[in-house]
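Read the figures in this text as sums done on the coordinates, not as results from a lab. The model shown is predicted, which means the values in this text are computed figures rather than measured ones. Methodologically, a virtual Cβ is constructed for each residue, glycine included, from the backbone with ideal geometry; neighbour enumeration extends over all protein chains shown.
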Amino acid sequence: MIEQQSSAANAAMVSAYQELVICKAQLLSTKETLDFSGKERVRLEAELDRLRRGYKYVEKHLGELTAHLSELEAMVVASQQLLQMRNRADACKAALDIVANVIGSEEMALFVVDEEQKVLNLVAACGVDDKVLSVAKLGEGTLGKVASTGMSCFGPAPHDATGITACVPVQHDAKIVGVLAIFGLLPQKKRLVRADHMVLSLLGANLGSYLLQA
Amino acid sequence: MNRFPGVQWGFYVFLRSVGVGTSHALERVPPKFWCEESSEHMAKKVLIVDDSSTALMMSQMILTKRTKYQIVTATDGAEAVAKALLERPDLILMDVVMPKMNGFEACSELRKNANTAEIPVVLVTTRGEQECVEQGFANGCNDYITKPVNAQELVTLVSSYLEVE
C-alpha cells in the first residue's frame, strides 16, 4: 500500500513537473511577446513622430506655395492691365483700378516731376484731398524724398502728416519721372503684404512713359 | 432606348415655303441635331459681375486655376440679369457699385424672376460695413465677400455653395 502511494505520488510529481516545464515555456514565450510589443510600440511611436514632423513641413511648404501663387496672380493681372495702356489717361485709370482691386486701397495719388520748378504736380488722385496734395516740393516730405532718392517707402513715415502708407518712384529710362502714393487702405485690408509691394514696384516701373505724355 | 445616360438628344426639321405669288410648296431644310448633357454631368457655372476689368480678371483667374467651374462674366447689373437668364449659372458673384444697374438692384431683379430667383448671389464689395451688408441681404443676396479678394476665401466660399453634398 505504501508502495502504491509512493508510485502515485511519484507520478503526480512527474506530472506536476511536466506542467511546470510547460508553464515556464509559456511564460518565456509571453515575455518575449511582451518585449517585442514594447519594442514595436517604441518603433511605431518614433514613426508617428516622424510623420507628424513631415506633415508640419508639408503644411508650411503648402502655405508658402499658396502665398507665392497669390503673388504671381496679382502680378499677372496687373501686367495684363498695364499692357492695355495707350496714353496718360489709360495709365491713370489702370493705376487706380489695380490699386483698388488688387492692393486694396481707394486713396491714392499719382504725381509727375517738374524738373524746372523742382516740384511734384498732381496728375491723378482718388479718395484724397486734391488741394492738399496739388503741389509737393522735391526733396521735402515723403513724396519729395521718394522722388529725389528713388527709394520706395512702405509703411507710414515718422512725422508724415499726409498719412502715406506706401510711396514708390515712377521711372522711365532709369530716370525718376513721378511718384505713386497710397494713403489709407480699405478697412478689411490690415496691411500691405509682399504681393502688394511687388505690384506697386511693377506700376512704378511701367507708368513712367505714359506720365510724360501730355 | 437612350444609349447615353444623362444626355438628352433629338432633332428638329424646318419646312421652308418656296414659290411666287399663289403657287407655294414646302421644301424641307436638312435637319439639325441638338444634344445637351443633363445638368448633373455639366461643370457648375459661376457668373462674375464687375465693371472693373481688373477685378473680373482676378476672380476669373483664381477660380479657373483652382477649380473646375465654368466662368461667365458681365460688366454691369443689367447685363448680369440678362446673362443669368441666358446662362442659368449656379452661383453669381456680384460687384456692388456698377453703371446702369448696381449690384443691389440687379440682385433684386434676379429675385423677381422665377428662373433666377433661386440662384445664390454673393456680393463682392469694397465696403464691409454693417449697413452695406444689411442692404445687400435686404435685396436678396445670400452672402458677401470683401475686396481685394483673397483667393482661398473665394474658393472656399464658392465651393460651399456649389459642391454637391
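Listed peptides A:142-152, A:187-197 appear in the order A:142-152, A:187-197 once ranked by packing, highest mean of other Cβ atoms within 10 Å at the front. For the stretch A:50-154, the Kirkwood estimate of hydrodynamic radius, built from reciprocal distances between every pair of different alpha carbons, is 16.6 Å. The alpha-carbon of B:Lys44 sits under 29 angstrom from the alpha-carbons of these lysines, leaving out residues fewer than 8 places away in its chain: B:Lys32, B:Lys65, B:Lys68, B:Lys83, B:Lys100, B:Lys112, B:Lys147. Counting only other chain Cβ atoms within 10 Å of each residue's Cβ, the peptide A:68-74 averages 3. If you take the square roots of the eigenvalues of the alpha-carbon gyration tensor of the stretch B:113-165 and sort them as a ≥ b ≥ c, do you get rounded (a/c under 1.5), prolate (a/b over b/c) or oblate? Verdict is oblate for the stretch B:113-165.
What does the structure give for A:78-85 when I average, per residue, the other chain Cβ atoms found within 10 Å of the residue Cβ?
2
Using just its DSSP H runs of length 4 or more, each adding -39500 (n - 2.57), chain A gives a mean residue ellipticity at 222 nm of -20000 deg cm²/dmol after division by all residues.
The protection proxy used here, the mean number of other Cβ atoms lying within 10 Å of each residue, ranks peptides A:98-105, A:41-48 as follows, highest first: A:98-105, A:41-48. Here the simple spin-label model places points 7 Å from the Cα toward Cβ, and for B:Ala82 and A:Leu20 these points are separated by 10.4 nm. Per-residue mean of foreign Cβ neighbours for B:89-102 is 0 (Cβ atoms of other chains, 10 Å radius). Report, in whole Å, the centroid distance computed from the Cα atoms of the stretch B:98-165 and the stretch A:87-151. Taking the Cα centre of the stretch A:87-151 as reference, the centre of the stretch B:98-165 is 34 Å away. Spatially close Lys pairs in the stretch A:76-198, defined by Cα atoms under 15 Å apart and a spacing of eight or more places or different chains, total 5. Per-residue Cβ neighbour counts within 10 Å put B:Cys141, A:Cys153 in the sequence A:Cys153, B:Cys141, beginning with the fewest. Considering only A:Glu40, A:Glu64, A:Glu106, the Gaussian network model of chain A with Cα springs below 10 Å gives its largest mean-square fluctuation to A:Glu40.
The HN-Hα couplings worked out from phi for the stretch B:78-91 by the Karplus form 6.51 cos²θ - 1.76 cosθ + 1.60 (θ = phi - 60°) are 5, 5, 4, 5, 5, 5, 5, 5, 7, 8, 6, x, 8, 7 Hz, whole numbers, x standing for Gly and Pro.
Among A:Gln171, A:Gln81, A:Gln18, the residue with the largest mean-square fluctuation in a Gaussian network model of chain A, with springs joining Cα atoms closer than 10 Å, is A:Gln18. Taking other C-beta atoms within 10 angstrom as a stand-in for reagent exposure, A:Thr165, B:Thr75, A:Thr30 fall in the order A:Thr30, B:Thr75, A:Thr165, fewest first. Ranked by the mean number of other Cβ atoms within 10 Å of their residues, highest first, the peptides A:51-58, A:119-126, B:67-74 fall in the order A:119-126, B:67-74, A:51-58.
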